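Trainee: The structure is given below, and queries will be raised subsequently.
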Protein chains: 2
Amino acid sequence: MAKDKADLLQGTLDMLILKALSLGELHGYGIIQRIRQLSDEMLSVEQGSLYPALYRIEQKGWVSARWDVHDTGREAKFYKLTRVGRKQLETQEASWDRLVLAIAKVRQAV
Amino acid sequence: MAKDKADLLQGTLDMLILKALSLGELHGYGIIQRIRQLSDEMLSVEQGSLYPALYRIEQKGWVSARWDVHDTGREAKFYKLTRVGRKQLETQEASWDRLVLAIAKVRQAV
DNA sequence: TATCATGCCTACCATTTCTAGGTATCGTCA
DNA sequence: TGACGATACCTAGAAATGGTAGGCATGATA
């Protein structure tokens, strides 16, 4: 019940994934690490959330995927932002900003 | 599909309701109006979201309700923040701030 | 050799918001 | 007077999404 770790709000995961990929091609497991690292360990995405999300996002055409071997010699599925995905990231960031602003307004209320 | 009106992210509604009530006792319909007004029309809560949410929140003991007649002579169910609810509002605001901060960190990334 | 980190996946569950309906009262205006 | 919109409450069901919990495989390391 009591959880100290902040769960993601629904709707934020896509944006985080797209943002992580905007910094360069990356495989699934790496996306989790990049998000954790960039957020100073404040955000941790579960595998059970990530992989289905990646699937959805790929279906929507926001990312493209290919299997490849990376430095360590291991195989992994690399995801890359598409042009549409980059547009989508902008859209989602704008929505997020709007929401943050709107909620700030409500909270400013005397 | 394409929607210009910003939908709420799941998890933000409770905080908004509690915040609206922190400004004073209010009935359901009035909560919707207060949130819309405070957010400069940016947020609009649907009735089908609000009433179930109020029920949940009341079950959790964050608000108390009573039927009363208000100025206009109409009956309405008035909700009031409890002490626990006020605590909860603080908690949720802190969580929200943490999330906003964490996401800002990710987005700052070069 | 055992275990941990890396790497992928799925099934199912929990939660929350919205859509779409229903009901009733009150005031206004043609 | 009668129609309509605003006010005021409610519910059922759909849709979406993140988590839990499981499984599987490989490479590095102790």
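The values are calculated or read from the model by the stated rules, or taken from the named source; none is laboratory data. The structure presented is a predicted model; accordingly, all values stated were derived computationally and were not measured. Cβ atoms come from the backbone with ideal geometry, glycine included; neighbour counts cover every protein chain shown.
Trainee: When you go through (1) farther than 23 Å from B:Met42 by Cβ; (2) facing chain B (nearest Cβ under 9 Å); (3) touching a Ser or Thr at 6+ places or on another chain (Cβ under 6 Å) one by one for A:Ser39, which number turns out not to apply?
Mentor: Of (1) farther than 23 Å from B:Met42 by Cβ; (2) facing chain B (nearest Cβ under 9 Å); (3) touching a Ser or Thr at 6+ places or on another chain (Cβ under 6 Å), only one is false for A:Ser39: (3).
Trainee: Could you give me the residue pairs with C-beta distances under 7 Å whose first residue belongs to the range A:84-110 and is in contact (Cβ under 8 Å) with a residue 60 or more places away in the chain, whose second residue is outside any helix (DSSP H, G or I) and surrounded by 15 or more Cβ atoms within 10 Å (Cβ to Cβ) wherever it lies, and which are 6+ apart or on separate chains?
Mentor: A:Gly85/A:Trp62; A:Gly85/A:Val63; A:Gln88/A:Trp62
Trainee: With respect to the numbered conditions (1) within 13 Å of DNA strand C (Cβ to nearest atom); (2) surrounded by fewer than 17 Cβ atoms within 10 Å (Cβ to Cβ); (3) at the interface with chain A (Cβ under 10 Å from one of its Cβ atoms), which one is the sole condition not fulfilled by B:Tyr55?
Mentor: With (1) within 13 Å of DNA strand C (Cβ to nearest atom); (2) surrounded by fewer than 17 Cβ atoms within 10 Å (Cβ to Cβ); (3) at the interface with chain A (Cβ under 10 Å from one of its Cβ atoms) applied to B:Tyr55, the lone miss is (3).
Trainee: Something else: Can you tell me which residue within the range A:70-85, out of those that are more than 7 Å from DNA strand C (Cβ to nearest atom) and assigned to a loop (DSSP other than H, G, I, E, B), is modelled with the highest pLDDT?
Mentor: A:Thr82
Trainee: Taking the conditions exactly as written (more than 13 Å from the chain's Cα centre (by Cα) and more than 30 Å from B:Leu18 (Cα to Cα)), does A:Gln33 satisfy them or not?
Mentor: Taking the combined requirement at face value, the residue does not satisfy it.
Trainee: In addition: Tell me, please, whether a residue that is more than 9 Å from every other protein chain (Cβ to nearest Cβ), closer than 26 Å to A:Arg98 by Cα and either of a type outside the set (A, V, I, L, M) or part of a loop (DSSP other than H, G, I, E, B) (or both) can be found in the range B:59-69.
Mentor: The answer is no; no qualifying residue exists.
Trainee: Follow-up question, since we're still on this one. Could you list, in sequence order, the residues of the range B:42-56 that are within 13 Å of B:Leu8 (Cα to Cα), more than 10 Å from DNA strand D (Cβ to nearest atom) and not hydrophobic (A, V, I, L, M, F, W, C)?
Mentor: Within the range B:42-56, just B:Ser44 meets the criteria.
Trainee: Follow-up question, since we're still on this one. Looking at B:Leu13, is it more than 10 Å from every other protein chain (Cβ to nearest Cβ), in contact with a Leu (Cβ under 6 Å, 6 or more places away or on another chain) and surrounded by 15 or more Cβ atoms within 10 Å (Cβ to Cβ)?
Mentor: Considered against the rule, which asks whether it is more than 10 Å from every other protein chain (Cβ to nearest Cβ), in contact with a Leu (Cβ under 6 Å, 6 or more places away or on another chain) and surrounded by 15 or more Cβ atoms within 10 Å (Cβ to Cβ), B:Leu13 comes out as no.
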